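All of the numbers you see were taken from the coordinates with simple rules; none came from a lab. The structure displayed is predicted, hence computed values, not measured ones. Glycine gets a Cβ as well: all are built from the backbone with ideal geometry, and neighbour counts include every protein chain shown.
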Ligand code: ARG
């Protein structure tokens with residue numbers, strides 16, 4: 001029986017050429033799997049056109065999976081609960097979609113009796129790491145093919161091959177950028193922005209085109225750390241994310257421009273837009289300020305960068321990530337309430353928050369007469385708090401010399 005390979009198929013030039021290339025160079029049958037994680041299909045394409053292109057390229061089978069809900073609930077929500085920002089900035093957009101795709105590649109490999117999976121990544125990026133490490137975690141028996149890492153073809157070669165193989169695809173010889181997109185945002189690389197000094201041209205942005213002018217407030221509701229409503233209207237996480245992308249994006253908020261450390265050791269200039277993700281993380285972490293007890297809050301803040309790093313590094317399916325998930329899930333029990341975000345052109349910030357389980361106690365915090373704080377407790381507390389330092393200072397400490405001391 002001919003060996004079967006399940007290819008992560010995007011409908012673009014590289015993965016289209018990869019279908020036929022795998023058939024010719026590896027002598028395999030290709031099952032193309034296109035996973036909808038909320039990306040736009042590009043040009044005039046729809047998912048049916050993408051499926052047909054895979055078949056035209058020679059795939060024995062082409063499957064389109066709508067994984068948007070799964071992406072939202074099983075990947076974006078955990079990232080939100082972890083307030084995940086790699087290197088303090090990047091909300092993990094591409095890092096989150098690869099494990100979703102891996103899940104489906106493995107499932108389809110089982111369904112179609114395939115012994116390998118394949119992806120169209122080159123050797124320089126993080127996505128190859130995420131595909132392959134993810135696959136090894138879920139299905140260590142599957143082989144992995146990475147044609148674009150070995151074929152040595154330029155973009156022009158690929159265009160010529162696509163024409164020769166009569167793959168129906170419209171491409172331009174000078175592709176300006178490398179784009180990766182999903183519900184959680186959009187990554188734009190290459191072209192003129194490879195020079196970290198160059199300002200990203202306005203046309204790289206699609207999710208954050210500033211069209212709205214009137215300031216507006218948006219109230220996001222959370223239950224146990226998951227977004228459940230906008231302006232009092234109950235919504236699924238997927239709906240909240242889509243809604244926030246549209247509204248926040250229309251104010252031109254949500255752009256990032258950074259130099260980041262890839263897992264493979266390369267520093268790269270990255271341009272992102274993630275209006276919904278950045279606004280939601282802002283709202284969620286603000287609600288944690290209100291509802292998390294201090295020690296839990298501080299410890300969680302220490303673990304969040306580690307969670308983001310693991311996911312960035314392709315370790316979504318790994319024991320430390322699982323253990324951190326358990327900690328984060330437990331921490332979210334009381335992260336319930338609402339956050340008011342204000343939007344103005346180019347800006348988004350929190351202007352209010354409330355919770356039925358808020359730890360903010362007006363009576364304790366107020367400076368007015370209704371104060372319930374026991375002032376007499378403070379002096380003794382502070383004296384004991386400073387006792388160790390006072391002892392150290394009297395025996396060993398460097399005292400500030402008094403005026404007139406020699
Ligand atoms: N540097 C980002 C990451 O590693 C974005 C990757 C974008 N992927 C792409 N194929 N263009 O998550």
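Brief remarks follow.
- Highest-MSF residue in the chain out of 306, 294, 53 [GNM, Cα springs under 10 Å]: 294
- Cα long-axis angle, helix 47-57 against the chain (0 to 90 degrees, to the nearest 10): 40 degrees
- Cα long-axis angle, helix 155-164 against the chain (0 to 90 degrees, to the nearest 10): 40 degrees
- Its Cα gyration tensor gives region 145-299 an equivalent ellipsoid, and the semi-axes of that ellipsoid, as √(5λ) in whole Å with the largest first, are 37, 19, 17.
- Distance between modelled label sites at residue 26 and residue 381, nm, 7 Å Cα→Cβ extension: 6.3 nm
- Where both bridge residues fall in region 110-215, DSSP classifies roughly 60% of the beta bridges as antiparallel.
- Acute angle (nearest 10 degrees) that the helix 93-111 long axis makes with the longest principal axis of the chain, alpha-carbon atoms: 50 degrees
- Secondary structure note: in the chain, about 70% of the DSSP beta bridges are antiparallel.
- Considering only alpha-carbon pairs that sit under 8 angstrom and 6 or more positions apart, the relative contact order computed for region 43-136 is 20 percent.
- For region 209-291, alpha-carbon Rg and Dmax in angstrom: 15.0, 45
- Computed over region 50-90, the alpha-carbon pair-distance distribution with 5 angstrom bins reads 6, 18, 14, 11, 11, 11, 11, 12, 4, each value a whole percent.
- The convex hull of the Cα atoms of region 91-146, projected and averaged over all directions, covers 3.6 nm².
- The label-point distance for residue 139 and residue 110, in a model that sets each label 7 Å from Cα toward Cβ, rounds to 0.9 nm.
- Where the Cα pairs of region 295-377 fall when distances are cut into 10 Å bins, in %: 13, 26, 31, 22, 7, 1
- Within a Gaussian network of the chain (alpha carbon springs, distance under 10 Å), most fluctuating of 331, 178, 394: 394
- Packing, as the average of other Cβ atoms within 10 Å across residues, places the peptides 259-267, 379-387 in the order 259-267, 379-387, highest first.
- FRET efficiency estimate (nearest 0.05) - Cβ-Cβ, residue 347 to residue 170, R0 35 angstrom: 0.35
- Scaling the Cα radius of gyration of the chain by the globular reference 2.2 N^0.38 Å produces a ratio of 1.20.
- Extension gain, residue 267 to residue 354: 0.36 nm times the residue separation minus the Cα-Cα distance gives 27.2 nm.
- Across 143, 273, 202, mean-square fluctuation computed from a Gaussian network of the chain (C-alpha pairs under 10 Å connected) peaks at 202.
- Centre separation in Å (Cα based) which lies between region 359-406 and region 11-82: 62 Å
- Helical runs (DSSP H, four residues minimum) scored at -39500 (n - 2.57) apiece and divided by the length of the chain put the mean residue ellipticity at 222 nm at -12000 deg cm²/dmol.
- Global geometry of region 119-208, whether rounded, prolate or oblate, following the gyration tensor of its Cα atoms and the 1.5 cut on a/c: oblate
- Compared with the alpha-carbon gap, the fully stretched path from residue 89 to residue 366 is longer by 96.2 nm at 0.36 nm per residue.
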